[in-house]
Every structure is written in structure tokens, then in C-alpha cells.
Amino acid sequence: MYISKQKSILFFMFCSVLFIHNTVGYSQNEQSNNYNDTIYRLENLFNESIEHCDTNSSLQYLLQLGNIYSHRALYANAYENYWNALLMAEQYHDSILLSQVYDGIGWLYSFYLRNDEALEYYNKSLRLRRELVNSNRATPNFLISAYLSLTTFYRESGNFDMSKIYIDSCYSIYYSHNATLQNDVYIKAELAYYNLNIGKNWIAISLMNETQKWFSENNPSYLIILYKFMADAYMADNQYNRSEFYYKQALNYARNSSNHTNYIPMIYENMAELYKTQNRYKEAYESISKAKKHELFLFDSRSLNNRPLLEISDNYKKELELRKELIQQQKIEKLEHDKKVGFYENLFLLSVMVSLIVFGLLWRRAIRLKHKADKAIAIKQKELEAQKSKELLEMKNKELALSALQLVEKDKHLDELKTKLLEPKHLPEKAEIRKLFKTVSVNYSHNWKEFEARFVEVNTGFYTTLTNKFPELTKGELKLCALIKLNFSSKEMASLLGSGVESIHTLRHRLRKKLGLDRSDNLTQFLNSIG
């Protein structure tokens, strides 16, 4: 009896909150008369959306189907649609619809006292809704509905302190964000149920009366839940007639709307208690019989309607495990592929680097060889040019020396002629002799100028370098340097300069001193090194 009643209470949790989230929006008559047509239409729309790859619409149709099946106590069908929606929502990362699916699955677990799993999905839904509201992708009402789910869960689990905490959280968000969640009637209804459970019947009745009108006008199906609790409150307050009235009202709404049929066993059980208190045993027996009949349909393991749900096989978790294994396998294959690709890439890069290094070394070696060859050619060419210049200079100096010697020879002949003229045998006239002497003297000066000009032309920079280093040298000493450079003998120098050999020796001695040469230094080599 206790287990059946607790199961019925847990079913209440699901349906009370599902109506808060319900987006189908059917009127009471439509829910009563057109459920089959609605389910057929939604299934066709779902198939069409799948064909058109419209994931968002497909998820919404699955959620609507799950909600409708839940309201009609067809929990196995609701279970199947919620799981399909969950797989699809997680695959396509639709946070809003995913949070709603988490709520529905949480209720399915809670119906069969699997509270740990139920709480896991409630909290998943709550986390998602917080993120959505914080990122302005959902309104505060969306978060309040998650708090209401947890409020009902803790209340019906007997944890009234936690239930009150979540009621306060609902009001906190409601007032701080100026929310408009159905004029706060759902929060107020939960606060009424909380007060009823802690024994404050008059507060509970007052709150429920405040909400009754709104539900009558906007959501008549919810009156099944509200009237059931109002009847409980009046029975606890010993107002049996009013309690019986609201129990019967709740049954009428449940039968007419084919909605919240899970409340029928609870209502009959409570009516049986009410009749028993009034000694109306026959009516109590009839009520308890009807409660058992509906309870068997909803919960008994022999019921084909709910047998698949009594042992909730976690197909979703199995699917997730298979998906994880597949993803892991794909990751391993990808890693192996990437490893092979990386190996070949590294091998290719290594080959390119080695090729570049080898090419660089060969290119550098070729450049060095070319540079070395060019340098050798340049040196050789420079040497050849120097040798050529040296040979040309030597040749010109030889020509110059030869020319000077010819002048010396000519002067020698002139001297001989002069000597002969001075002999008494052939003595010419004095005027003719003077003219001849004058010609000979002029020739000495003219010969030297001609020689000096050709010397400077051949030995460019000799005099300039020599005078820069030794500015105290006289013109005569400069002439002597030029003749020494051309390797003239002292006698040839004397003839060319018109002086004696002894004078030449004296000049050489003075020149060595001015040049700062020791006795061991070779004067000719020194002068050849200049210019």
C-alpha cells in the first residue's frame, strides 16, 4: 500500500511540472477528443522533418510526443521519445531542447524511485538553463521552471527544507528579473503544497484558493492536481464534505480530459480513507477497489503498458558507450594516420633539409673554388702585368741608357775634335774656335735636358717620391740618382754630367749620407726600390 501510494505521488511530480513546460497548448476538449489524431499528426511531422534534415523541428516533435504520452500515462512511449530526443539533442548541441529532455528523463527515473539518476538529470538541466540565462539566450522563466522541478522532487521525497530552498530561489529570480511565469501561480501552488506538508493547512488552502481562478481560465487540466491537494487539505482540516467535493471534481477533470490519469489511484485511495473516517465502509471498499484497478494498469509489472519502463534499461548510456568507443576508435585511427602522415612529412622535410644542406655545401664549395680560381687568375694577371711593366720599364731604361751612352759617345768625339783643334798643325781662326766651343757647351746642357725628360717619362713618380722623402737633395744629386738607377758607371756619369770621375765618387759619398745609407747598403738597389 505504501509503495503504491509513493509511486502515485511520484507520478504527480512529473505531471505537475510537465504542464509548466508543456508547449503543445491544446484546449481541454482537444486533449480529450483528438489525442490519437494529434499523435498521428506529430509522428508524420516528425518523419517529414527527418526527411528534410530539420533537426530543431524533429526535436520539438519528439518532446511534444513525450509530453502527450506522459499525460496519458503511456510512460513507455514517453520514455522512448525522450531518449530519442536526448540522443539527437546531444548530437546537435541544442541546449534549450536538451535541458527540457533532461527534465523529462529525470521525472521518468524518479517515478520508479531511481532518485540518484533522476537528480543527475535534474542538475544537468539546471546547469544548462543557468548558462542559457546568463548568456541571454533564454528568459529567467526558463530557469524558474528548473527550480520548480527540483522543488517538487525534494518535496515529494520528504526533504521539505530543500523544497523550501528552491521555492525561495524561484521567488528570488521572479522578483529580481521581473519575471512573468504565469503570474507566479505555479510558484504559489508549490508554496501551498509545502505548507500542506508541514501542517499549515489554512495557509495552504488560502494559497490554493488564490490560484484556482487562474487555472480554471488558463489551464483547466492542472485543476486535477490542485483539487486533489485542496481535498487533502480539507480532509486534514476535518472538512469532509468539502474534501469529498474536491476529490470528485478532480476525478471528473481527469476522466473528461484523459489527462493526469496517474492521479486517479491516489484520489480513490484518499477517498477510501475519507469514507472510512465517516464509517462509509461500502463506499470505502469501492474506492479502494477502483484504486487497485487503476494502480495495476499503471504500475503492475504484468501491465504491458509499463513493463518496459519498470526496468529502465539505459539504452542511452549504452548508446553513449558505443559512441564513445567509436569516437575513441576513430581517434586512435586518426592518431595512427596522423602519426604516419607526420612520419612521412618529417621524412620529407628531413630529405629536403639534407638536400638543401648538400646543395648549400656544394654551392659554397663551388663559390669558394670559383673565388679561388678568380683570385688566382687575378694574381696571375697582376703578376703578368707587373712583369710586363717591369720588362717595359727595363726596356725603356735600356733605351734611355743607350741614348745617354750615345750622347756620351758623341761628347767624346767632340772632345777629341776639340783636342785636335787645339793642336798647332791645324789651328783654325780664333773666332771659328770660339764658335765650335760654344756649340759643344750648349750640347752638354741640351743633352741632359733631353735625357732628363725621357727619364721622367719612363720612371713616372721617381723624382716626386724621392724629393718627398729627401727634400734636401740638390738638382745635381737628383741627376746622379737618375744615372745610378740606370746603372751607369762612374766614368759614364762623369762624361754625361761634364765632370771628373773623382767628383762623381765624391757626389756618391755625399748622396749616401743624405739618404741615410750604411756602407753595407747597396745604393743602386735602394734607388731602384723608389718609384
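For the reader, a short list of remarks on this structure follows.
- Every test in (1) among the β-branched types (Val, Ile, Thr); (2) over 16 Å from Tyr463 (Cα atoms); (3) at pLDDT below 85 is passed by Ile530 save one, and that test is (2).
Yes or no, residue by residue, for (1) surrounded by fewer than 24 Cβ atoms within 10 Å (Cβ to Cβ); (2) in the same structural domain as Asp54 (by TED's automatic domain parsing); (3) farther than 29 Å from Ser49 by Cβ:
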site: Asn84; (1), (2), (3): yes, yes, no
site: Gln91; (1), (2), (3): yes, yes, no
site: Glu117; (1), (2), (3): yes, yes, yes
site: Ser157; (1), (2), (3): yes, no, yes
site: Tyr174; (1), (2), (3): yes, no, yes
site: His177; (1), (2), (3): yes, no, yes
site: Tyr193; (1), (2), (3): no, no, yes
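- Only one of the listed residues (Ser206, Ser172, Ser216, Ser163) is over 30 Å from Arg280 (Cα atoms), part of a helix (DSSP H, G or I) and more than 55 Å from the chain's Cα centre (by Cα). That residue is Ser216.
- All positions within region 76-134 that are among the acidic types (Asp, Glu), in contact with a helix residue (DSSP H, G or I) (Cβ under 6 Å, 6 or more places away or on another chain) and over 25 Å from Leu42 (Cβ atoms): Glu117
- Scan of region 77-128 for residues that are under 19 Å from Met162 (Cβ atoms) and not in a helix (DSSP H, G or I), ordered by number: Leu113, Arg114
- Residue in region 254-270 that is surrounded by the fewest Cβ atoms within 10 Å (Cβ to Cβ), counting only those that are part of a helix (DSSP H, G or I) and touching a residue at least 40 places away in the same chain (Cβ under 8 Å): Asn256
- Criterion violated by Asn178 - all others in (1) farther than 30 Å from Tyr112 by Cβ; (2) at pLDDT 90 or above; (3) not small (Gly, Ala, Ser) satisfied: (2)
The values are calculated or read from the model by the stated rules, or taken from the named source; none is laboratory data. Keep in mind that this is a model prediction, so the values were computed, not measured. Don't worry about glycine lacking a Cβ; one is built from the backbone with ideal geometry, like all the others, and counts go over all protein chains shown.
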